[in-house]
1. Check Asn154, Asn126 and return the single one that is of a type in the set (S, T, N, Q) and within 15 Å of the chain's Cα centre (by Cα).
2. Among the residues of the stretch 55-86 satisfying the criterion of being over 20 Å from Val122 (Cα atoms) and among the acidic types (Asp, Glu), which is modelled with the lowest pLDDT?
3. Tally time: how many residues in the stretch 24-73 are part of a loop (DSSP other than H, G, I, E, B) and among the charged types (D, E, K, R)?
4. Sort through Ala98, Ala76, Ala62 and tell me the only one that's more than 15 Å from Arg6 (Cα to Cα), of a type outside the set (D, E, K, R), buried (at least 16 other Cβ atoms within 10 Å of the Cβ) and touching a Gly at 6+ places or on another chain (Cβ under 8 Å).
5. So, of the residues in the stretch 139-155 that are touching a residue at least 12 places away in the same chain (Cβ under 8 Å) and out of contact with any helix residue (DSSP H, G or I) (no Cβ under 9 Å at 6 or more places or on another chain), which turns out to be surrounded by the most Cβ atoms within 10 Å (Cβ to Cβ)?
6. Specify the residue that is farthest from the chain's Cα centre (by Cα); the eligible residues are those in the stretch 1-21 that are surrounded by fewer than 16 Cβ atoms within 10 Å (Cβ to Cβ) and in a helix (DSSP H, G or I).
7. Looking at (1) under 20 Å from Tyr151 (Cβ atoms); (2) under 16 Å from the mean Cα position of the chain (by Cα), which is the one condition that is false for Phe60?
8. Give the residues of the stretch 79-95 that are surrounded by fewer than 19 Cβ atoms within 10 Å (Cβ to Cβ) and of a type in the set (A, V, I, L, M, F, W, C), sorted by residue number.
Amino acid sequence: MSLIVREAELKDIAAIQEIAKITWDETYNFLPEGQMDYMLNWMYSNESLQQQMQNGHQFFIAQLKEKSIGFASVSAEENHLFKLNKLYVLPEIQKSGAGKALLQAVIHYAKRNEGKELQLQVNRNNTAKDFYLKQGFTILYQADFEIGNGYFMNDYVMSMLF
């Protein structure tokens, strides 16, 4: 497998949107009707992704034979804390090492920028929680985050110290 992880650019927005749509359809099929579309538009519209990239969110793209198969996003918060905002790999590619490679790129980026901790939120019904536990994250707490339109994200907040 010739997996490459590279920093994403504005020209990668369409690939990020496509991967998000495909993975979300499978990952979040338990969400109330309408919430998935609301969240995809909120986080993955052209304007939203451009704004995230311009406001310091570093995106990474995983490619296999020049096909984009996954992405991740990380941002610096405060006090050497970084946040893993997104990490998604196409369902048919999961368990291939692509997610781990993206996570390693994020960790390397955070450490290179004086990060001491990486936090993330993962839906309590998302099996990705087990992936993060295997990678060394611990669950700090669970919380329900109101996101508008009467919708909530019911998440675990997880952390990894370096």
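The values are calculated or read from the model by the stated rules, or taken from the named source; none is laboratory data. Values in this document were obtained by computation on a predicted structure and should not be read as measured data. In this analysis, Cβ positions are derived from the backbone assuming ideal geometry, glycine residues included, and neighbour counts consider all displayed protein chains.
1. From the options Asn154, Asn126, the qualifying one is Asn126.
2. Among residues in the stretch 55-86 that are over 20 Å from Val122 (Cα atoms) and among the acidic types (Asp, Glu), the one modelled with the lowest pLDDT is Glu66.
3. The number of residues fulfilling the criteria is 3.
4. From the options Ala98, Ala76, Ala62, the qualifying one is Ala76.
5. Among residues in the stretch 139-155 that are touching a residue at least 12 places away in the same chain (Cβ under 8 Å) and out of contact with any helix residue (DSSP H, G or I) (no Cβ under 9 Å at 6 or more places or on another chain), the one surrounded by the most Cβ atoms within 10 Å (Cβ to Cβ) is Asp155.
6. Here is the first cut: in the stretch 1-21, the residues surrounded by fewer than 16 Cβ atoms within 10 Å (Cβ to Cβ) are 1-2, 4, 6-7, 9-11, 14, 18, 21.
Then drop every residue that is not in a helix (DSSP H, G or I), which leaves 10-11, 14, 18, 21.
Details: Leu10: 17, Lys11: 18, Ala14: 16, Glu18: 14, Lys21: 13 Å.
Applying the filter and picking the extreme gives Lys11.
7. (1)
8. Selection gives Leu81 alone.
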